[in-house]
Amino acid sequence: MKTFWKYGTIYRMKRMKDRIAALLILISLILAAWNDAVQIYEIEKGDTLSEIAFQFGLSMEQLQAANPEADLSLLKIGDQLVIPPNRAEEFDVFIQQMFSKYVQLNGTECFSQLNNQISCLLRIQNSGEQSLVNLQMQLEIIDNNGGKMLISSGTPLIQLLPGEEIPVLFSGSHSELSEPFETRFLIENLDLIGNQDTSFRLAEDLYEPSYDISADGLNADVRIRFTSNLKKQSIRILAAAYRADGTPNGIRSWIGNPASEIRIHVYSLSDKINSIKIWAEYY
């Protein structure tokens with residue numbers, strides 16, 4: 001029995017190595033095909049975006065996604081567009097590779113809850129030099145049996161500043177999945193703001209945040225007092241809870257026309273809350 005287990009294990013390890021080698025070869029072939037398929041097109045007199053997209057077998061949405069730094073409504077003769085591959089698999093590889101230049105995933109933690117609910121907190125960072133808006137993402141959750149669930153989410157803030165990291169919550173029901181889970185992060189869309197002076201953020205002298213953490217550390221009462229009359233403005237507040245090690249374990253957002261003070265309760269998804277971080281922006 002011991003000998004059988006030994007050689008069976010060696011055989012399984014060899015099969016695993018063979019599969020990994022085959023997967024790496026497949027990935028390299030896809031990336032090579034992607035590099036060959038990507039083109040640069042220079043705008044000529046009489047060009048229209050719909051004609052360019054049709055010429056290369058793309059949709060307008062695909063053309064825009066491949067050129068997040070370009071304002072397609074203001075293109076002029078001589079401007080250049082990136083033309084991505086039009087095959088679905090190659091386009092998906094291309095777009096995720098390109099989006100990864102702007103968005104960095106710094107960590108994912110998922111929490112199983114009552115009634116087959118699952119909540120995942122992701123730490124998203126703007127790794128580019130321009131502000132990000134309209135960031136739309138997906139989280140694919142996969143179990144050991146190959147079962148999958150796809151959850152979509154936007155960021156809890158309109159704008160993500162260069163170098164800034166914020167937590168993002170993905171929630172859904174996993175009644176047909178069995179633990180443990182693996183996750184795959186995907187970006188559906190993002191837009192860039194070229195002018196760094198453009199900001200949705202509320203000036204820090206317009207509000208005063210404070211908070212009290214409960215005795216058991218599992219929730220926090222957040223208070224935000226506004227120092228100026230903002231009743232005619234729509235405000236978005238993001239309050240995130242963090243453990244002592246600096247990882248997020250709770251998130252809550254608020255949108256509305258503020259009174260002189262608003263209160264938000266943030267609850268921990270796991271472990272004690274050590275601190276609270278607050279963002280505020282015009283909505």
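In the list ILE83, ILE77, which residue meets the criterion of being closer than 19 Å to SER100 by Cα, modelled with pLDDT of 90 or more and of a type in the set (A, V, I, L, M, F, W, C)? Within the list ILE83, ILE77, the selection yields ILE83. Among the residues of this structure, SER173 does not count as one that is in contact with a Phe, Trp or Tyr (Cβ under 6 Å, 6 or more places away or on another chain), of a type in the set (Ser, Thr, Tyr) and on the phi < 0 side of the Ramachandran plot. Restricting GLN113, GLN80, GLN97 to those that are over 30 Å from PRO180 (Cβ atoms) and of a type in the set (S, T, N, Q) reduces the list to GLN80. Residue selection: LEU269 fails the criterion of being assigned to a loop (DSSP other than H, G, I, E, B), over 24 Å from the mean Cα position of the chain (by Cα) and not hydroxyl-bearing (Ser, Thr, Tyr). With respect to TYR207, determine if the residue is touching a residue at least 24 places away in the same chain (Cβ under 8 Å) and in contact with a Phe, Trp or Tyr (Cβ under 6 Å, 6 or more places away or on another chain). For TYR207, the condition - touching a residue at least 24 places away in the same chain (Cβ under 8 Å) and in contact with a Phe, Trp or Tyr (Cβ under 6 Å, 6 or more places away or on another chain) - is met.
For the stretch 271-283, a residue qualifies if it is in contact with a Gly (Cβ under 9 Å, 6 or more places away or on another chain) and of a type in the set (Gly, Ala, Ser), and exactly one does: SER275. Residues in the stretch 257-279 include at least one that is without any contact (Cβ under 8 Å) to a residue 60 or more places away in the chain, among the hydrophobic types (A, V, I, L, M, F, W, C) and more than 25 Å from VAL133 (Cβ to Cβ).
Yes or no, residue by residue, for (1) loosely packed, with under 15 Cβ neighbours inside 10 Å; (2) modelled with pLDDT under 95; (3) under 25 Å from ILE124 (Cα atoms):
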{"position": "SER210", "(1), (2), (3)": "yes, no, yes"}
{"position": "VAL222", "(1), (2), (3)": "no, no, yes"}
{"position": "PHE226", "(1), (2), (3)": "no, yes, no"}
{"position": "LYS231", "(1), (2), (3)": "yes, yes, no"}
{"position": "ARG236", "(1), (2), (3)": "no, yes, yes"}
{"position": "GLY250", "(1), (2), (3)": "no, no, yes"}
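Among the residues of the stretch 44-70, those that are loosely packed, with under 12 Cβ neighbours inside 10 Å and either within 28 Å of GLU129 (Cβ to Cβ) or in contact with a Phe, Trp or Tyr (Cβ under 9 Å, 6 or more places away or on another chain) (or both) comprise GLN55, GLU61, GLU69. Annotation: of all residues in the stretch 37-65 being in contact (Cβ under 8 Å) with a residue 24 or more places away in the chain, part of a helix (DSSP H, G or I) and among the small types (Gly, Ala, Ser), the one that is farthest from LYS76 (Cα to Cα) is ALA37.
Under the condition of being within 20 Å of ILE237 (Cα to Cα), within 12 Å of the chain's Cα centre (by Cα) and surrounded by 14 or more Cβ atoms within 10 Å (Cβ to Cβ), the residues counted in the stretch 138-188 number 11.
The values are calculated or read from the model by the stated rules, or taken from the named source; none is laboratory data. Source: prediction; values computed, not measured. Cβ coordinates were reconstructed from backbone atoms using ideal geometry, including for glycine residues, and neighbour counts include every protein chain displayed.
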